[in-house]
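Just below is one structure, and these are the notes that go with it.
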Amino acid sequence: GREDGTFHRSLYLWMVPRGSLLCERRLQEHGVFDNFAAIAELPLLLFKMEPDLVSMEMPSAFREWSVHGDPCGVHLSARALMMLQGLYGLIPIIRGKGPNVTALYNMMVELRREMAHNEPQIPSKIDQLILIDRSIDLLTPLTTQLTYEGLIDQCFGIKNCVVKLPSSRLHQSGGSDGADVMLDQQQSAPVKPVLLTSADLLYQELRDANFSSVGPKLAAQAKQITKDFDERHLAKTVVEMKQFVQKLPRIQQAKQNLALHTSLAEALQEEVSAGLFGPALQVEQELLRGSIDCDKPSPFIEECLGRSAPLFTVLRLMCLQSVINNGLKTKVLEYYKREVVQTYGYEHMLTLDNLNKAGLLTAQLSKSNYATIRKTLRLIVDDVNELNPTDIAYVHSGYAPLSVRLARYVHSPGWRAITELLSMLPGPTLSETQQPNRHKRSDSTSATGDDAGPVVLIFFIGGCTYSEVAAFRFLSAKSHENGGPEYILATTSLVNSNNFLHSLSTDLLPQHTSHP
């Protein structure tokens, strides 16, 4: 404290995940730079979402390089991958596809060169790295996710494994005790944050299931809880009663989880049944199947414009039509843009320009190769079994994510078998190997041992969806049966169609100036 009774506080500024000269310059312009005792970087590059999933939590990364040409996100991705290699050993095989994969690999090489002889000498625990640039698969983030977790993200938004739900929709869960309830700043309605992780065993079972199978799974769980609870009537001796009492906390927790997910499933069912969700999903699937003429304006999109439907619903379908068709006819594109501006306002003009730069809403310069890609990679699967799936297409009820199919082809039949198809996708194809400076790998087959399949790290540059996560988990589960690869995932962020489009939007809002 000082003599005048006031306290002196030292201010420290930590920049996450990296420092910025521009930020320091702004602090100097505002005259507060010298107020800080120290300014430093805090390189928090990866955050663990689940045991098989880490995220850099950089939702603006795709916009930065696709719209602004800013390579900072690629550099940070390289640093994140080098950090992983420092923990789990040098990854011997690297594959990749897309506009940024070569730059990312070159940055990794440069960072490794800078380490010189200080490189950690750790046996490789990861057998292969596959780099997937979001630009090679713009379809998947535009499609409707139909897994339980993906639909929660689509409808309510999951951020850092937490979803904020209207407390009125969770009245049956028994968890809305007021202490956890807060006010939503935009809607001024009480919301309850709900943590969604695999620590909740019921959620672990439901998260990657198609939403249509969630009801039967919840019913089965309810029967099991009732059966477990009824065991108290069978307890005759003191020992049996003690055993039941020991199981009681687990049963009560399972009952709370069941109530929560029943309420959440009901809330999702309301969202799915209301408004344009069903009709938009039908048009989306018709576009993916190639049964709509993409050279003409879509009657459904025109209807949405006429009804002033939510902007992102309209933009999503426009972008889907454009990506599938490798761009829209000039007349169709200008018509769509004009209708958006006239219906929703001039302030969305920059958003339309950003979508064009990002390759989502463009003019057609050459014929579309989508039909060839769809057939070669079998992106559309008819008669999908949603209750007991046999193919990753269940995550979208018929559409298999292009990115996941492509990654799977690395191992069977190999990318050499689809060289012509790879040339149809944007950006170079990367195939590199890394050799440790001195340390030899502990085994010659797999980083995890002779009996286990190879461990493959998938890194998404520009974000991945929960449906893609579910699809890779499905493949990993199948691999346990046939000795195929086990997939672990890293991404710059987790995206859905709403936050993906929002990250590319810019509002031309008028400046509010005060007049004397």
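The values are calculated or read from the model by the stated rules, or taken from the named source; none is laboratory data. Predicted, not measured: the structure shown is a model, and the values here were computed from it. As a convention, Cβ positions derive from the backbone with ideal geometry for all residues, glycine included, and neighbour counts pool all protein chains shown. The area values use the complete protein model at the heavy-atom level, side chains included, leaving out ligands, DNA and RNA. Shrake-Rupley method; radii C 1.70, N 1.55, O 1.52, S 1.80 Å.
I want to confirm something. Restricting to the stretch 282-301 and keeping residues that are of a type in the set (A, V, I, L, M) and open to solvent by less than 30 Å² (accessible area, probe 1.4 Å), which single residue is farthest from TYR399 (Cα to Cα)?
ILE301
Among the numbered criteria (1) open to solvent by less than 40 Å² (accessible area, probe 1.4 Å); (2) assigned to a loop (DSSP other than H, G, I, E, B); (3) modelled with pLDDT of 55 or more, which single criterion is violated by LYS192?
With respect to (1) open to solvent by less than 40 Å² (accessible area, probe 1.4 Å); (2) assigned to a loop (DSSP other than H, G, I, E, B); (3) modelled with pLDDT of 55 or more, LYS192 is out only on (2).
Is at least one residue of the stretch 412-425 within 24 Å of ASP127 (Cβ to Cβ), assigned to a strand (DSSP E or B) and at pLDDT 95 or above?
Checked against the condition, which is being within 24 Å of ASP127 (Cβ to Cβ), assigned to a strand (DSSP E or B) and at pLDDT 95 or above, the stretch 412-425 yields no hits at all.
Hey, does the stretch 307-315 have a residue that's of a type in the set (S, T, N, Q), under 16 Å from GLN154 (Cβ atoms) and part of a helix (DSSP H, G or I)?
Scanning the stretch 307-315, I find at least one residue that is of a type in the set (S, T, N, Q), under 16 Å from GLN154 (Cβ atoms) and part of a helix (DSSP H, G or I), so the answer is yes.
Do any residues in the stretch 456-478 that are at positive phi and in contact (Cβ under 8 Å) with a residue 60 or more places away in the chain have Cβ atoms under 7 Å from those of residues that are open to solvent by less than 10 Å² (accessible area, probe 1.4 Å) and among the hydroxyl-bearing types (Ser, Thr, Tyr), where the two are at least six apart or on different chains, and which pairs are they?
GLY462/THR492; GLY463/THR491; GLY463/THR492; GLY463/SER493
Being on the phi < 0 side of the Ramachandran plot, surrounded by 14 or more Cβ atoms within 10 Å (Cβ to Cβ), of a type in the set (Val, Ile, Thr) and assigned to a strand (DSSP E or B) is the requirement here; does VAL214 meet it?
Spelling it out, it is not the case that VAL214 is on the phi < 0 side of the Ramachandran plot, surrounded by 14 or more Cβ atoms within 10 Å (Cβ to Cβ), of a type in the set (Val, Ile, Thr) and assigned to a strand (DSSP E or B).
Going through SER77, SER60 one at a time, which residue ends up being within 18 Å of the chain's Cα centre (by Cα), in contact (Cβ under 8 Å) with a residue 40 or more places away in the chain, crowded, with 23+ Cβ neighbours inside 10 Å and within 29 Å of ASP208 (Cα to Cα)?
Selected residue: SER77, the only one of SER77, SER60 that is within 18 Å of the chain's Cα centre (by Cα), in contact (Cβ under 8 Å) with a residue 40 or more places away in the chain, crowded, with 23+ Cβ neighbours inside 10 Å and within 29 Å of ASP208 (Cα to Cα).
Among the numbered conditions (1) farther than 30 Å from GLN285 by Cβ; (2) part of a strand (DSSP E or B), tell me where GLU110 comes up short.
(2)
Which of the strands (runs of 3 or more DSSP E) found entirely inside the stretch 22-100 contain at least 2 residues meeting this: farther than 20 Å from SER503 by Cβ?
36-41, 47-50, 93-97
Mind listing just one residue for me: the one in the stretch 243-275 that is in contact with an Asp or Glu (Cβ under 9 Å, 6 or more places away or on another chain) and among the aliphatic types (A, V, I, L, M) and, of those, surrounded by the most Cβ atoms within 10 Å (Cβ to Cβ)?
LEU260
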